[in-house]
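Working notes, beginning with the structure itself.
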Amino acid sequence: MNRTALSPKEMAEAIGVSESSLKRWADGGLIRVARTAGGHRRISLPEAVRFVREQGIPIVRPELLGLPEVSSLQLELQRAGSETDRLYDFLTTGRSKEARGVVTSAYLRGTSAAQLADDIIAPAMARVGDLWRHDPAGIFVEHRATDIMIQAVNQLRLLIEPPANAPEAVGGAPAGDPYVLPSLLVATVLTAEGYHAVNLGANCPTDSLLQAAQQHKARLAWISISGVTLEPFLARDMVDFSGKLAAMGTRLIIGGRTRPVLPAGSDRHIQTGVTMAELAAFARGLLAADDARQQAS
Ligand code: B12
């Protein structure tokens, strides 16, 4: 079941409170509601998720939110082991629904998108990446795990809604870089930080990224680098690219598994980072600075 909006009754049942409490919260502005043509209140799924996370309310019937994989996880949660261990088990045994459940329920319990990426998903995928060394099936398991992880992160992305007036962010992985997940995670983290994120994905030429940044009037651009050597890429492209972006008011952040090392003197317009926590902090700082500037003018 794919839900996009809930009635107050459905949301009340999902979190185990009375419908009248729910309507009171809605009327008091704690939960944003839309009205149907007939005047009935409707709560969007991302808004329901935001409310549950902010208030720390446990979900008793996640299937009513269209998230049955969260319920199917209840028993699994009682097993020993960290979330990374559980995710690794599900990824390596091809249990897609359960892997989605780990990601979604961690987010619903208040784990940030950046923490999920840095502390749960990246370490689980790093362990998957070691399998081929001692298991001939390791390569197919790695490909399957990547696909499962992409599904889980895409589902997470649909649960998060930036404000209508959110600034745009555009990015991807550079030409020759086949890695899909890191850029997808950047887009998810930026959405959670209040940006409209446009993910151009793996293997994206810098010129196309520049065009997209222009068309979207992006405030922020990202490049996630995992698979190519950075030196020639940066030396040829990056300094020029970041200058063009800066001229249109777009800030650039570069990061990823391949640690960014910038040529001397080129770092004026380029922010570098290694973790999603750093990305989130940079994105938040940019919004705060823009707000402060607007208030001062
Ligand atoms: C899946 C995978 C692949 C898949 C990718 C599929 C796809 N379409 O996405 C495929 C099959 C293509 C692949 C190919 C190869 N792979 Co590979 N791969 C992996 C694996 C298992 C997971 C990668 C992943 O998605 N991780 C999840 C992400 C979220 O984690 P992350 O990249 O670390 O990202 C974090 C940070 O970097 C940061 N971050 C990311 N982006 C950004 C952006 C910004 C702005 C900021 C601030 C931060 C940031 O935040 C993230 C969360 O913490 C890794 C293992 C690993 N340790 O990562 C190996 C791994 C990277 N691969 C490896 C190798 C050897 C290869 C191949 C050479 C294999 C081969 N012989 O062909 C090729 C090379 C391809 C290339 N052209 O570069 C090695 C690299 C070893 C090394 N010394 O560099 C690893 C480490 C596996 C291993 N242990 O041996 N791979």
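The values are calculated or read from the model by the stated rules, or taken from the named source; none is laboratory data. Bear in mind the structure is a predicted one, so any value in this text is a computation, not a measurement. Using ideal geometry, Cβ is built from the backbone for each residue, glycine included, and neighbour counts are taken over all protein chains shown.
Quick notes on this one:
- Inter-residue pairs, beta-carbon under 6 Å, first closer than 15 Å to L87 by Cα and modelled with pLDDT of 90 or more and in region 126-137, second of a type in the set (D, E, K, R) and within 8 Å of the ligand (Cβ to nearest atom), 6+ apart: V128/E142
- Once region 183-205 is narrowed to residues that are away from the ligand (no atom under 13 Å from the Cβ) and out of contact with any strand residue (DSSP E or B) (no Cβ under 7 Å at 6 or more places or on another chain), the residue that is farthest from P163 (Cα to Cα) is P205.
- Whenever a residue of region 141-152 is near the ligand (Cβ under 7 Å from one of its atoms), its partners that are outside any helix (DSSP H, G or I) and of a type outside the set (S, T, Y), lying with C-beta atoms within less than 8 angstrom and at least six residues away or across chains, give the pairs T146/V180.
- Qualifying residue in region 218-239 (condition: surrounded by fewer than 19 Cβ atoms within 10 Å (Cβ to Cβ), at pLDDT 90 or above and more than 16 Å from the ligand (Cβ to nearest atom)): no
- Search result, residues across region 131-159 that are within 12 Å of the chain's Cα centre (by Cα) and either over 17 Å from T104 (Cα atoms) or not in a helix (DSSP H, G or I) (or both): L159
- Members of region 165-182 that are within 11 Å of the ligand (Cβ to nearest atom) and either of a type in the set (D, E, K, R) or under 18 Å from E142 (Cβ atoms) (or both): A173, D177, P178, Y179, V180, L181, P182
- Filtered residue count, region 240-281, keeping only those that are modelled with pLDDT of 90 or more, away from the ligand (no atom under 13 Å from the Cβ) and not small (G, A, S): 4
- Applying a threshold of 9 Å to beta carbon distances and a minimum spacing of six or more residues, or different chains, the list of pairs starting in region 107-125 at a residue that is at positive phi and ending at one that is more than 8 Å from the ligand (Cβ to nearest atom) and not in a helix (DSSP H, G or I) reads G110/G56.
- V198 being farther than 13 Å from R251 by Cα, β-branched (V, I, T), modelled with pLDDT under 95 and not in a helix (DSSP H, G or I): no
- Counted residues, region 160-188 - those being under 21 Å from Q211 (Cα atoms) and assigned to a loop (DSSP other than H, G, I, E, B): 8
- Condition check for E19: more than 25 Å from A122 (Cβ to Cβ), touching a residue at least 60 places away in the same chain (Cβ under 8 Å) and not basic (K, R): no
- Residue check for I160: surrounded by fewer than 17 Cβ atoms within 10 Å (Cβ to Cβ) and either closer than 27 Å to A281 by Cβ or within 10 Å of the ligand (Cβ to nearest atom) (or both): no
- The number of residues in region 151-190 that are among the β-branched types (V, I, T) and in contact with an Asp or Glu (Cβ under 8 Å, 6 or more places away or on another chain) comes to 0.
- Listed by position, the helices (runs of 4 or more DSSP H) inside region 1-58 whose residues that are touching a Lys or Arg at 6+ places or on another chain (Cβ under 9 Å) and either closer than 23 Å to S112 by Cβ or of a type in the set (A, V, I, L, M, F, W, C) (or both) number at least 3 are 8-15, 45-55.
- Some residue of region 102-116 being within 8 Å of the ligand (Cβ to nearest atom), under 18 Å from E69 (Cα atoms) and not aromatic (F, W, Y): no
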